[in-house]
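Note sheet for the following structure.
The values are calculated or read from the model by the stated rules, or taken from the named source; none is laboratory data. Please read all numbers here as calculations on a predicted model, not as lab measurements. Cβ placement follows ideal geometry from the backbone for every residue including glycine, while neighbour counts extend to all protein chains displayed.
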Amino acid sequence: MAEIAEAAPQRVAARPRLRGAASLLGTVPFFAYVTIFLIIPTLVVAIGAFTGDGGHGFTLDNVRALADEYIIAAFGRSVLLSALSALFGAVFGGLLAYAVSTAKPGGLLRRVVTALSGVLAQFGGVTLAFAFLATIGLSGFVTVWLQDHTGFYIFENGVWLFELPGLVLIYTYFQIPLMVIVFLPALDGIRPQWREATENLGGTTWQYWTRVAGPLLAPAFLGSALLLFANAFSAYATAAALVSQGSPIIPLQIRGALTSEVVLGQANLGKAMALGMVVVVAIVMTLYSLLQKRTSKWLG
Amino acid sequence: MAGVIARRAGKQRAFRWVVLILLGVFFALPMAAMVEFSTRTPGTWSLLADWSRLNETYPALAEGIIASLEQAALTALLMLVLLVPTAIWVRLRLPRLRRLVEFLCLLPLTIPAIVLVVGLAPVYAWVNYFVGGNSLTLVFAYTILVLPYAYRAIDAGLSAIDVNTLAEAARGLGAGWFTVMWRVVLPNIRSAVLSAAFLTVALVLGEFTIASLLHRTNLQVAIEFLGKSSATMSVAVSLTALLLAFVLLLLLSLVGSTRRVKK
């Protein structure tokens, strides 16, 4: 009897610890999977960026090679493309989101626009490139129509569709709906009472937008624009399908480094460029989450 | 005051329609152009509807379509098997790990797909070695790619119910952990699971980067390849793929809105 009484507390004490260990076992498949297909690839990129061409030894050569003129230029064009498409997307998407937010809250218009935005924001990639080839390609619908009816040829000063202006236009197509999705909640956080309060105090519409709504919405707007920037910066498929010659932007440079493995020393340079992309996106996303925190203070 | 509000509502309505019409034209134009472009050569659409003839004329396209459908189904399955039990388990038994799991699931948002490809190349050398170079092996990478979206959907579903109370009640009545997950929690987050699966299918059907750079085939790779030989056909297939994704994601938003209504 005494033995049992002595043993019992021990067993009780031992069980939670055992349970804790057994509980951890339940997460092993997930962590193992994520390690193999996410952590290891990330490490391969990070380590490869600092590894010599023979696969041995630490070197800064790859990172230093990023300073090459053509890579700097590609990074610059990538940043410009992302910034411009984010700017257009943020402005037009912001206007669209505001237009929707003034409509009836549970109305048809709002539901249709948000549903379509959800779909169109995902509409990147090869199909979007072909859609624009059909629209303003050399024999595209709009190109031909304009030439037949107004005599205006849109490519008079060169075929800009396959260059930066074309990419900005096409990227804007998926940036606007993304802006609607991410910015609409902030607009919904604006209380009509704030406007009424402004008017009761004698404020004009202009004052309401510059003194009340503008400053309140600014962090959310800026944050959304940053998300759009990261989205465009990471995009690859549309540009890859559209541009088959030359590599104007960084993702296409990485494609070049990956596919021309015959050229010695390109593989780890590709990893250095990839690491550069991660750094840029990580900085942007960090700023985004900081702004998100600020936004939620007022607009929840 | 009432007059001011009425006047403002009128102005807002005018503004709303101007914005909607202008942007509507911008968004509809490429779709209309695709319809026009793909009907220039007669027989394109009838060829697309006739599977056996399509298979004969464009074998690579048929192969890509089948590959993508299989990849989508398998990715959704793998994602659910991996994510749902883990998410429930972490909520019930290991709340301290929740931040870590969330961080890992959202990490792919910060790592562009093109970067992931660079790092995946050596991992896939091993995959090839063990299970061969079949295009279905892309499912492993796709599951990572869809993690952020699927996690958010499932996490939102779990947050909407009281998992702990449900589990305790079931446990109190003598249910095992498997029963708790399969027969108690899962039926309660059905719409969230459905959202995650739909999103996964839509994302996989649109994936190009990883498949193209790892030299595997799928629908998008096939469309891109087709674009080099037959522009009309490639636009027709693009439009079809797009409509398919449209239907999927609209279904998804319907599922999402019914859930919200219930709550």
Out of B:Ala121, B:Ala141, which single residue is closer than 20 Å to B:Thr217 by Cβ, within 10 Å of chain A (Cβ to nearest Cβ) and at pLDDT below 90? B:Ala121
Which of the residues spanning the range B:82-128 are of a type in the set (Phe, Trp, Tyr) and touching a Gly at 6+ places or on another chain (Cβ under 9 Å)? B:Trp89, B:Tyr124
Mind checking which helices (runs of 4 or more DSSP H) fall wholly inside the range A:156-270 and carry at least 3 residues that are under 23 Å from the mean Cα position of the chain (by Cα)? A:164-188, A:214-234, A:237-242, A:250-259
Which ones in the range B:141-159 are surrounded by fewer than 20 Cβ atoms within 10 Å (Cβ to Cβ) and either aromatic (Phe, Trp, Tyr) or within 12 Å of A:Leu38 (Cβ to Cβ) (or both)? B:Pro148
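Listed here are the residues, each with its yes/no results for (1) in contact (Cβ under 8 Å) with a residue 24 or more places away in the chain; (2) facing chain A (nearest Cβ under 9 Å).
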site	(1), (2)
B:Asp50	no, no
B:Arg91	yes, no
B:Pro95	no, no
B:Leu116	yes, yes
Of the conditions (1) facing chain B (nearest Cβ under 10 Å); (2) out of contact with any Pro (no Cβ under 9 Å at 6 or more places or on another chain); (3) touching a residue at least 40 places away in the same chain (Cβ under 8 Å), A:Ser244 clears all except one; give me its number. (3)
Does the range A:80-102 contain any residue that is free of Cβ contacts under 8 Å to residues at least 60 places away in the same chain, out of contact with any Asp or Glu (no Cβ under 7 Å at 6 or more places or on another chain) and either assigned to a loop (DSSP other than H, G, I, E, B) or surrounded by fewer than 15 Cβ atoms within 10 Å (Cβ to Cβ) (or both)? yes
Every residue from the range B:26-48 that is within 30 Å of B:Pro59 (Cα to Cα) and at the interface with another protein chain (Cβ under 10 Å from one of its Cβ atoms): B:Pro30, B:Met31, B:Ala32, B:Ala33, B:Met34, B:Val35, B:Glu36, B:Phe37, B:Ser38, B:Arg40
Reported set for the range A:35-79 where residues are assigned to a loop (DSSP other than H, G, I, E, B) and loosely packed, with under 12 Cβ neighbours inside 10 Å is A:Gly54, A:Gly55, A:His56, A:Gly57, A:Leu60, A:Ala67, A:Asp68
Looking only at the range B:158-176, how many residues end up being without any contact (Cβ under 8 Å) to a residue 40 or more places away in the chain and either within 14 Å of chain A (Cβ to nearest Cβ) or within 18 Å of the chain's Cα centre (by Cα) (or both)? 2
If you scan the range B:2-25, which residues turn out to be facing chain A (nearest Cβ under 8 Å) and over 17 Å from A:Tyr98 (Cβ atoms)? B:Val4
Given the condition crowded, with 21+ Cβ neighbours inside 10 Å, within 22 Å of the chain's Cα centre (by Cα) and hydroxyl-bearing (Ser, Thr, Tyr), answer yes or no: does some residue in the range B:107-116 qualify? no
A careful count of residues in the range B:23-46 that are in a helix (DSSP H, G or I) and surrounded by 13 or more Cβ atoms within 10 Å (Cβ to Cβ) gives 16
Single condition A:Ser117 does not satisfy, out of (1) small (Gly, Ala, Ser); (2) more than 8 Å from chain B (Cβ to nearest Cβ); (3) in contact with a Phe, Trp or Tyr (Cβ under 8 Å, 6 or more places away or on another chain): (3)
Could you list, in sequence order, the residues of the range A:96-117 that are farther than 17 Å from B:Arg8 by Cα, over 24 Å from the mean Cα position of the chain (by Cα) and of a type in the set (Gly, Ala, Ser)? A:Gly106, A:Gly107
Selection status of A:Ala131, under 25 Å from B:Leu244 (Cβ atoms), at the interface with chain B (Cβ under 8 Å from one of its Cβ atoms) and surrounded by 23 or more Cβ atoms within 10 Å (Cβ to Cβ): yes
Does B:Tyr129 qualify as being within 25 Å of B:Thr217 (Cβ to Cβ) and either more than 14 Å from chain A (Cβ to nearest Cβ) or surrounded by fewer than 15 Cβ atoms within 10 Å (Cβ to Cβ) (or both)? yes
